[in-house]
Amino acid sequence: MADGIIVRQLNAWFGALHVLRDIDMAIDPGGVTAIIGPSGCGKSTFIRCLNRMHEVVPGARAQGQVLLNGDDLYGPGVDPVQIRRRIGMVFQKPNPFPTMSVFDNVAAGLKLDGVRNHAHLDEWVERALRHAALWDEVKDELGKSGASLSGGQQQRLCIARALAVRPEVLLMDEPCSALDPIATAKIEELIVELKKDLTIVIVTHNMQQAARVSEATAFFLLGEMVEFDKTPRIFTNPRDKRTEDYITGRFG
Amino acid sequence: MRAGFRRGVNAMMAGLTAFAAFLVILPLLLILAFLVYQGASAVNLDFFTQLPKPVGEPGGGMANAIVGTLTLIGLASCLGLPLGILGGIYLAESRDRRLPWTIRFLADVLNGVPSIVIGIFAYTIVVLPMRRFSALAGGFALAVIMLPIVLRTTEELVRLVPASLREAALALGIPEWKVILRVVLPTARAGIITGVMVSVARIAGETAPLLFTAFGNRFWHHGLLQPIAALPLQIFAYAIAPYDDWHRQAWAGALVLIMMIFLSSLVARIVTRGRYSGLR
């Protein structure tokens, strides 16, 4: 049943600008897939196409097929809202809701979906916070503003918020680029922990990070997917000259 | 030597900006002082509880005008706030370009229309068909004045909510209308309420558009379809009358009007401070 994410002939545009060209990719269920590439190569756009967040930007559109466990996310009559419940997302900059407490931030997805039962909320919020390795740090101050946490804690809060609605896939768009090395290490540990239950797709600028956390890596360049393979292979013995140039730091 | 010069310039500019900031609030302080000096003696319990006395009789108050002003503000808010806030959300959230641009432009024009013209407008489309001056007509005129202010501040504040929060909420699988209602608006709430208070303060003191809509009334009004008193109207009438006693009452009326605006702004500020600050 679980056959992961299959992308076929995915194209994306911002207005007239063609930013993704004919992407074909099969992402295995479970485990971490890293997307690397220089700035502007379309890697963020690519993962935003996976949960239909790309089309939220005015003028942006996408075309092609994305299958999640067999369901076409771009099929006719598919509601992007339902898609986003199955595919969570964590952004580059931590973005907790500033008007909500730590608890309400995590509960937001559930509450706004109509969950009223306090016992359920308490249980799910605690589970999500534990899952995001934040519970021990915030359990005594769940009522405090989400924006008052440190940057690394805020990012884990955002991860907990995404986990609370129990998605099948978690997309991470450079989740550590605004964090210091210690907070980054914590998030990486967390990713390794989370991949036991989830499929994770992570965009990163940091090639060491891709090498540390992922099983498979895709290299994007100028809107095209140049190479997609097992991570060790990409970093030790890439097929394509451009991949080799990039990972050895010759451009980008 | 260079450092000394730089520090000197710095101190001078810091002093200059502080002085400019002080000059900005100086008129307000002077107005307040002047009003207190001229009007405080006439502000007493009677002023808030009594009707105006006939010419020649001393004492009396402006109870009807205070209630009238509050009623007019209430009426204007009932019409103006929902329309202005909903419209502002539309302007900020719409993906269309041309219609919001047009509405924005026209709202700015409306904001610049002299209030007396808006009074004439309300006279033509409310007073004439109903064949009577009324609180309703006054409230309508004030609502028209209030609308563009509420519309534009709501738009600006909704726009200020970072796109990242919107995206975070959308990515949780929350439908767009709920994102706006439960994430965007609460974040912009404090700012929107400030805008609302600015518009309320603005209409509370409007006189011209009430002259031929609410018309004024020396007695209690009976229902919203009757002429109604308002503080600015009463102040105007008393200030141009030839009696010293009335002049004092006019000053007192102005003082009370300013205090009402001041207190409501203060209360709004405190109430909206909230536990977790959004945008202010």
Exercise. Using Cα atoms only, what is the angle between the long axis of helix B:244-271 and the major principal axis of chain B, expressed in degrees (0 to 90) to the nearest 10?
Worked result: 30 degrees
Exercise. Cα-Cα pairs above 25 Å in region A:71-200: how many percent?
Worked result: 22 percent
Seminar exercise, completed: Compactness summary of region B:2-42: radius of gyration and Dmax from Cα atoms, Å, are 17.7, 60
For this session: Scan region A:155-252 for chymotrypsin sites (Phe, Trp or Tyr not before Pro) in coil per DSSP, keeping those whose Cβ has at most 15 other Cβ atoms within 10 Å, and list them by number.
Result: A:251
Problem set entry | trypsin sites (Lys or Arg not before Pro) within region B:79-110: DSSP coil, no more than 14 neighbouring Cβ in 10 Å | B:95, B:97
For this session: For region B:31-111, evaluate the Debye formula with one uniform point scatterer on each Cα (no solvent term) and list log10 I(q)/I(0) at q = 0.16, 0.18, 0.21, 0.23 Å⁻¹, rounded to two decimals.
Result: -0.77, -0.85, -0.99, -1.09
Problem set entry | Computed over region B:45-271, Kirkwood Rh from alpha-carbon pairs, angstrom | 19.0 Å
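Using a ≥ b ≥ c from the Cα gyration tensor of region B:210-280 (square roots of the eigenvalues), is it rounded, prolate or oblate, where a/c under 1.5 gives rounded and otherwise the larger of a/b and b/c decides, a/b for prolate?
On the way: a/c = 3.67, a/b = 1.85, b/c = 1.98.
The shape class here is oblate.
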Problem set entry | Fraction in percent of alpha-carbon pairs per bin - 10 Å, region A:1-89 | 16, 53, 28, 3
Exercise. Using bins 5 angstrom wide from zero, how does P(r) for region A:96-146 break down, in % of all Cα pairs?
Worked result: 5, 23, 32, 28, 12, 1
Exercise. Hey, what angle do you get for helix B:185-204 against the long axis of chain B, alpha-carbon based, 0 to 90 degrees rounded to 10?
Worked result: 30 degrees
Exercise. How much net charge surrounds residue B:115 when only the other residues with a Cβ under 14 Å from the Cβ of residue B:115 are counted, with Lys and Arg +1 and Asp and Glu -1?
Worked result: 0
Exercise. What average count of beta carbons from other chains do you get within 10 Å of the Cβ of residues in A:89-101?
Worked result: 6
Exercise. Trypsin sites (Lys or Arg not before Pro), restricted to region A:105-159: which are DSSP loop and have at most 15 other Cβ atoms within 10 Å?
Worked result: A:116, A:139, A:144
Seminar exercise, completed: With Cα coordinates, the longest principal axis of chain A makes an angle with the long axis of helix A:151-164, in degrees rounded to 10, of 90 degrees
Exercise. Considering the protein assembly as shown, what Rg and Dmax in Å follow from its alpha-carbon atoms?
Worked result: 31.1, 104
For this session: Could you work out the local net charge near residue A:61, counting Lys and Arg as +1, Asp and Glu as -1, over the other residues with Cβ closer than 15 Å to its Cβ?
Result: +3
Exercise. Which entries of A:111/A:139; A:196/A:230; A:195/A:241 show an alpha-carbon separation above 23 angstrom in the structure shown?
Worked result: A:195/A:241
For this session: Counting only DSSP beta bridges with both residues in the protein assembly as shown, tell me the antiparallel percent, nearest 5.
Result: 55 percent
For this session: Please quote Rg/Rh for chain A to two decimal places, taking the Kirkwood radius as Rh and restricting both calculations to Cα atoms.
Result: 0.97
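No lab work stands behind these numbers, since they all come straight from the coordinates. Being a predicted model, the structure only gives us computed values, none of them experimental. As a convention, Cβ positions derive from the backbone with ideal geometry for all residues, glycine included, and neighbour counts pool all protein chains shown.
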